[in-house]
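Novice: If you scroll down you'll find the structure; I have some questions about it.
Read-outs: derived from the displayed coordinates by stated rules, not from any lab. Values in this document were obtained by computation on a predicted structure and should not be read as measured data. No Cβ is skipped: glycine too gets one built from the backbone with ideal geometry, and neighbour counts run over all protein chains shown.
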Amino acid sequence: MTTEKDTLNYGPVLFHYDLFPEKLEQHGKVKKVITKRGTFALKEAEMTEDERSWFTHVIQRLSEIGFHQVVPLYPTKFGDYTVQLGSRTYYLMPWFASDERNERAKDEVLIDHLGKIHALTLKEQDFSNEVVEHSYQYLMNRWENRQYEMERFTEEAEQKTYMSPFELTYLSHFHQIMRMTEEAKRRLKEWYETCQREKRYRSVLCHGKVSRNHLIFNPTGEGHLLNFEKAVLDTPIRDLAVYFRRAAHQKEWTPEEGNSLLDLYEKHVPLLNEERGLLISYLSYPEPVFNAVDLYCMKRNDYSQIEMVHRLESRIRAMKKIRDFCDAIMMAPPPAPMEPTDSMPTKIHINDDGDHI
Amino acid sequence: MELINTLEKEYELYGIRWKERPYLIMTDYGEKRIRYWSEEDNLNWHIRWRDESSKGSSAVPDRMIRTKNGEAAIKYGNRWLTVHDHTKEWYGCEDIERWGQFIGTLLNTAISSDNHDVFVKQTRKPVFDLNQCITRAQKYLEANFQCMVTSIKESKQRLEFSHAIKHNVRNYPLPVLDGELSIKNGRKIFHFLFYQGSEALPIKGYLPLRKFLVEWLEQTSPSSLKLLLTEVNKHFSLEREQGLLLLAEVVTPWELYDCLDQLDNSSLERMIDGLKKYEVCWESNRTLVKTVTEWFDEKRRKVAL
């Protein structure tokens, strides 16, 4: 239902497109805009000026390099691809109705598209010891600090006469969690040493926020990616780790499914040995479990014990599936030799600020 | 019809027909205004300020609608032509916050004009000519009309004050503004401020803003003018050199020209009537100087406290 308030709020934005809304509907973070001229999707975001121009550059660049499975942005009547009003940024896209028939194929299409983008933008970077060193130290420090926080939580819990159900659940899996943390750190160190030895690393255009929700199908059934707001030039492992970590949390997801999807991805970009190691490292680090502990410490009054325990158990289950998946990655045959490409990225930010892997 | 055909060919506009030849057209997307430009440099300057001052502001200037090829203007005969949104509904002066934000954003854009640009460099900077005013008022001064003597004396003092301020901040850049800054250009679309700029040659300095402030005062009140300055100050600092440059322009007795225009020597009756109008004009304009200087004094006091 469109209220007068909605029209007032979104009118100044839609004016840039010469659209007058007949109806506005909220769908997640997107507004469905129904007008006489058609139905559109209006996305609201918070972006700085640099982020805005990078975002539009990414969309245009993808089209230039031949990747057309991106939901296009409509330009305003003034030729801009985004509208900035106050601190808010808006952009307009065609509205694609969700098609339930394609839901099952979503993961395959998503990984396939990701592989294509990575292949089109893959670039072997000039080795910079400084960049690698900084990236390694930054992530290692962050992981060690988090590990220390978790050890402290464990010690405090152990001193209690009566532990809470959450604390009990956590403690019963503590050694396993710490083993995975150590494995992640060991793999990261190996990646660092290989980079130092081989003097190489590769970057691609990462989507930055890979999710099933960011793939939609057009009326002809062709999958299109959207939401490139967090796109960044980084190691291909960044997107893969985000995807697989999320996927592992789905109830029906299995390590076998993960394997076949990774195979599908590697048809586009066969991973180097050190990249496999880095993927294992990222996936092994039990950040989702630690986040569940953080939530317990900070917001224990907002949720019941049972909710907290369920959350933790679900993350531990996902962690176990990830461990099996990592074992399978390690056993996979070495990648086929890579054909040289001359694609566009010119810089790398391995695990830069805002990295949520 | 030839122009309509050109517009249909060049722009993503449909159902174009004349509403008011040769400036207003109706389209399936509403009413649009056509502007004609004989000077390319002036056109480019107007494209730039409209584009720049729209960034982040909740007020929208009448930017050039792009052609199918993404161009801001098309060549038509020996002139250039641009298409803009158009509406007749006035915005009014009630929404001081919105106006303040718009003026502040406008000044930020105006101050960052590329001063190495030849067109910007050559932009006219109006200079007040007191001697010309004295010559025009000579007969009245000789007849010792009190209002005339007082106003010329005060004008001299104000001009000296203005020169002194300008000398102190002479190294700071002046804004380059649309020559026709006016409340009347503020229109309403979807309840937001839609500002219709002009095609006039830009002016260097604060004179267009001074005129705007005079207009604001005529439409509202001294307290409303102070609130407007406070709102502008939130987006463009008037507390330092730029504020002094604005103050210098406000105290410059520009209104003397308007006052002298009221005089009429054609008969004794008209002469007396003209003098009365002169006095009214002078007094009403003094309110601007008083209000703006008070605002600056209040700001200074707050800082001192």
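Novice: What's the Kirkwood radius of region B:2-85 in Å, using all Cα pairs?
Specialist: Mean inverse Cα-Cα distance, inverted, gives 13.3 Å.
Novice: In whole Hz, what ³J(HN,Hα) sequence does region A:79-91 give by Karplus (6.51, -1.76, 1.60; θ = phi - 60°), x for Gly and Pro?
Specialist: My calculation for region A:79-91 gives x, 8, 9, 9, 10, 10, 10, x, 8, 9, 10, 10, 9 Hz in order.
Novice: Among A:Leu278, A:Val289, A:Pro75, whose Cα projects farthest towards the positive end of the dipole of chain A, with charges put on the beta-carbon of Lys, Arg (+1) and Asp, Glu (-1)?
Specialist: Projecting each Cα onto the dipole axis, the largest value belongs to A:Pro75.
Novice: Also: How crowded by other chains is B:57-63, given as the mean number of beta carbons from other chains within 10 Å of each beta carbon? Could the numbers behind the result be given before it?
Specialist: Working: counts 3, 5, 1, 6, 0, 0, 6.
Mean shielding count: 3.
Novice: Under a point-charge model restricted to the Cβ atoms of Lys and Arg (+1) and Asp and Glu (-1), what is the dipole moment magnitude of chain A relative to its Cα centre, in debye to the nearest 20?
Specialist: Values: 48 positive and 57 negative charges, 128 e Å.
The dipole magnitude comes to about 620 debye.
Novice: Per residue of A:70-79, count partner chain C-beta atoms within 10 Å of its C-beta, then hand back the mean as an integer.
Specialist: Per residue, the number of nearby Cβ atoms from other chains is 4 on average.
Novice: Taking the Cα centre of chain B as origin, work out the dipole magnitude from +1 charges on Lys and Arg Cβ and -1 charges on Asp and Glu Cβ, in debye rounded to 20.
Specialist: I would put it at about 420 debye.
Novice: With Kirkwood's inverse mean 1/r over C-alpha pairs for Rh, give me the Rg to Rh ratio of region A:26-95, two decimals please.
Specialist: Rg/Rh for region A:26-95 comes to 0.97.
Novice: Next question. Using Cα pairs under 8 angstrom and six or more residues apart, how large is the relative contact order of chain A, in percent?
Specialist: Numbers: 476 pairs, mean separation 72.6, N = 357.
Relative contact order here is 20 percent.
Novice: Quick one: dipole size for the protein assembly as shown, taken about the Cα centre, charges +1 on Lys/Arg Cβ and -1 on Asp/Glu Cβ, in debye to the nearest 20.
Specialist: Here the protein assembly as shown has a charge dipole of around 1020 debye.
Novice: Would you kindly compute the Cα radius of gyration of region A:102-331 and its largest Cα-Cα separation (Dmax), both in Å?
Specialist: That works out to 18.9, 62 Å for Rg and Dmax.
Novice: With each run of n ≥ 4 DSSP H residues scored as -39500 (n - 2.57), what mean residue ellipticity at 222 nm is computed for the protein assembly as shown after dividing by its residue count and rounding to the nearest 500 deg cm²/dmol?
Specialist: Estimated from H runs of four or more residues: -17000 deg cm²/dmol.
Novice: For a quick check: sort B:Tyr23, B:Tyr206 by the number of other beta carbons within 10 angstrom, fewest at the front.
Specialist: If I rank by nearby Cβ atoms, fewest first, I get B:Tyr23, B:Tyr206.
Novice: Then there is this: Could you state the angle between the C-alpha long axis of helix B:146-168 and the longest principal axis of the C-alpha atoms of chain B, as a value from 0 to 90 degrees rounded to the nearest 10?
Specialist: That helix lies at roughly 60 degrees to the long axis.
Novice: Using only alpha carbon pairs under 8 Å that are at least six residues apart, calculate the relative contact order of chain B and give it in whole percent.
Specialist: Relative contact order of chain B: 18 percent.
Novice: Same structure, new question: Could you sort the peptides A:249-258, B:216-225 by per-residue average Cβ neighbour count (10 Å cutoff), highest mean leading?
Specialist: Descending packing order for the listed peptides: B:216-225, A:249-258.
Novice: Around B:Tyr29, what is the net charge, scoring Lys/Arg as +1 and Asp/Glu as -1 over all other residues with Cβ under 12 Å from its Cβ?
Specialist: In short, -1.
Novice: Could you compute the net charge surrounding B:Arg136? Neighbours are other residues with a C-beta less than 11 Å from the C-beta of B:Arg136; K and R count +1, D and E count -1.
Specialist: -1
Novice: Taking θ = phi - 60°, what integer Hz values does the Karplus form 6.51 cos²θ - 1.76 cosθ + 1.60 yield along region B:132-141, in sequence order, with x for Gly and Pro?
Specialist: 4, 5, 5, 4, 5, 8, 3, 4, 6, 5
Novice: Continuing with the same structure: Rounding to the nearest 10 and keeping the result within 0 to 90°, find how far the Cα-based axis of helix B:207-219 lies from the longest principal axis of chain B.
Specialist: Roughly 80 degrees, rounded to the nearest 10.
Novice: Also: Give me the extension gain from B:Ser284 to B:Tyr257: residue separation times 0.36 nm, minus the current Cα-Cα distance, reported in nm with one decimal.
Specialist: Full-extension gain reported as 8.3 nm.
Novice: Using the Karplus curve 6.51 cos²θ - 1.76 cosθ + 1.60 with θ = phi - 60°, what ³J(HN,Hα) values do you get for each residue of region B:250-260, in whole Hz, with x for Gly and Pro?
Specialist: Result, ordered by residue: 5, 6, 4, x, 4, 5, 4, 4, 5, 4, 5 Hz.
Novice: Between the alpha-carbon centers of region A:211-263 and region A:145-163, tell me the distance in whole angstrom.
Specialist: Cα centroid of region A:211-263 versus Cα centroid of region A:145-163: 35 Å apart.
Novice: Could I ask something else about it? Mind listing the long-range amide H neighbours of B:Val60? Cut-off is under 5 Å, sequence gap 5 or more, other chains count too, H placed in the peptide plane at 1.01 Å from N.
Specialist: Answer set, sorted by chain and number: B:Leu193, B:Phe194, B:Tyr195.
Novice: With a 10 Å radius around each residue's Cβ, average the other Cβ atoms per peptide and rank A:299-307, B:278-286, B:100-108, highest first.
Specialist: B:100-108, B:278-286, A:299-307
Novice: Work out the mean other chain Cβ neighbour count within 10 Å for the residues of A:10-20 and drop it here as an integer.
Specialist: Mean shielding by partner chains, rounded to a whole number: 4.
Novice: At a 10 Å Cβ-Cβ cut-off, how would you order B:Asp85, B:Asp117, fewest neighbours first?
Specialist: In increasing order of surrounding Cβ atoms, one gets B:Asp117, B:Asp85.
Novice: Then there's this: Computed over the Cα atoms, what is the radius of gyration of the protein assembly as shown divided by 2.2 N^0.38 Å, N being its residue count? Each step should come with its number before you reach the end.
Specialist: On the way: Rg = 33.2 Å, N = 662, 2.2 N^0.38 = 26.0 Å.
Scaled against compact globular proteins, the figure is 1.28.
Novice: How much length is gained if the chain between B:Leu130 and B:Asp41 is pulled fully straight, taking 0.36 nm per residue apart and subtracting their Cα-Cα distance, in nm to one decimal?
Specialist: Going from the current span to full extension adds 28.8 nm.
Novice: Which of A:Met319, A:Met47 has the fewest other C-beta atoms within 10 Å, and how do the rest follow up to the most?
Specialist: Listed from fewest to most nearby Cβ atoms, that is A:Met47, A:Met319.
Novice: Could you work out the local net charge near B:Phe145, counting Lys and Arg as +1, Asp and Glu as -1, over the other residues with Cβ closer than 10 Å to its Cβ?
Specialist: Summing Lys and Arg as +1 and Asp and Glu as -1 gives -1.
Novice: Nearest 5 is fine: what % of DSSP beta bridges in chain A come out antiparallel, could you say? Display every interim value, and only then the final one.
Specialist: On the way: 29 of 30 bridges.
The answer is about 95 percent antiparallel.
Novice: Could you check what % of the DSSP bridge pairs in the protein assembly as shown are antiparallel, to the nearest 5?
Specialist: So the antiparallel bridges amount to about 90 percent of the total.
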